[in-house]
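Participant: Sending over a structure as C-alpha cells; questions will come in a sec.
The values are calculated or read from the model by the stated rules, or taken from the named source; none is laboratory data. All figures in this text were calculated on a predicted structure; none of them were measured in a lab. Counting neighbours? That spans all protein chains shown, and the Cβs are built from the backbone with ideal geometry, glycine included.
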Amino acid sequence: MDRDWARLGSALRAAREDLGLGQLQVAERIGVKRGALRNVERGEISRVTPTVREYARIVGWTEASVDAVLNGGEPTREEAAPPGPDMTVLVDTPEELPLRIKAALASDGPVLDTAVITLTGVDGLDSGAQMVIVVKGRTDALTPEQIREALLQWEKTEAQIRKSGAAGDG
C-alpha cells in the first residue's frame, strides 16, 4: 500500500488547528522553520522524520498514529490523565535548591511540561550552563480548558526564552 503523505499533512494541520495553534507556534516549538512545517502539511515529504514525530506529539497523537494515518487509518490521541490527585507529580528536590523553588516543586498541582534549555554565551556558543524549567498547574486550575490555555501560554513563553539566548534543548 502506498503511504499517503498528503493525508498525513492534512490530518496534522487539522489537529493543529483544532488546538488553536498556528504554524509558527508549532514550528518554533519543534525548532524548525515555518517552511518545513508547511512542507509536512502539504505532504511534500517522503519519509517520517523527527520533525514529523514531534509535530504528532505536539498535537497529542500517540507514537503509532503517524504510521496509521499514512496507511489509511486514523490517529489516536494520547489519553490525558483525568484532573485530580493522579496528575500530581512529586519531584525530588536536590538539597542545594533555594527554599522558594523547593516549595514550588513540592506544591500540589500537575506538572504540565518541562524544558531543559542550553544557554548560549556572548559568542553565540554553548555557555556550559542549562536552564531547567518545570511548568506546574495550580490545583484550582484543572479544567481541560484551563490546562490548554496554560500550555498555550507556556508555548509562547518558551519560544521567547529560546529566542533570547538558548542554543537548543540540552
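Participant: Does Asp113 fit the bill of being at pLDDT below 75, outside the structural domain of Glu28 (by TED's automatic domain parsing), surrounded by 14 or more Cβ atoms within 10 Å (Cβ to Cβ) and touching a strand residue (DSSP E or B) at 6+ places or on another chain (Cβ under 6 Å)?
Facilitator: no
Participant: Follow-up. Can you tell me which condition Val132 does not meet? The list is (1) touching a Ser or Thr at 6+ places or on another chain (Cβ under 9 Å); (2) over 25 Å from Gln25 (Cα atoms); (3) free of Cβ contacts under 8 Å to residues at least 24 places away in the same chain, and all the others hold.
Facilitator: The failed condition is (2).
Participant: Another question, if that's okay. Write out, first by first residue and then by second, each pair whose Cβ atoms fall under 6 Å of each other, whose residues are 6+ apart or on separate chains, and whose first residue, in segment 13-31, is free of Cβ contacts under 8 Å to residues at least 24 places away in the same chain while the second is of a type outside the set (D, E, K, R).
Facilitator: Gln23/Leu37; Ala27/Leu37
Participant: Going residue by residue through segment 2-9, is there one that turns out to be within 29 Å of Pro110 (Cα to Cα) and free of Cβ contacts under 8 Å to residues at least 40 places away in the same chain?
Facilitator: no
Participant: Same structure again: Checking Leu24 against (1) closer than 15 Å to Gly60 by Cα; (2) among the hydrophobic types (A, V, I, L, M, F, W, C); (3) exposed (fewer than 15 other Cβ atoms within 10 Å of the Cβ), which test does it fail?
Facilitator: (1)
Participant: Select, from Arg34, Arg38, Arg13, Arg47, the only residue that is over 27 Å from Gln153 (Cα atoms) and at pLDDT 90 or above.
Facilitator: After applying the criteria, what remains is Arg47.
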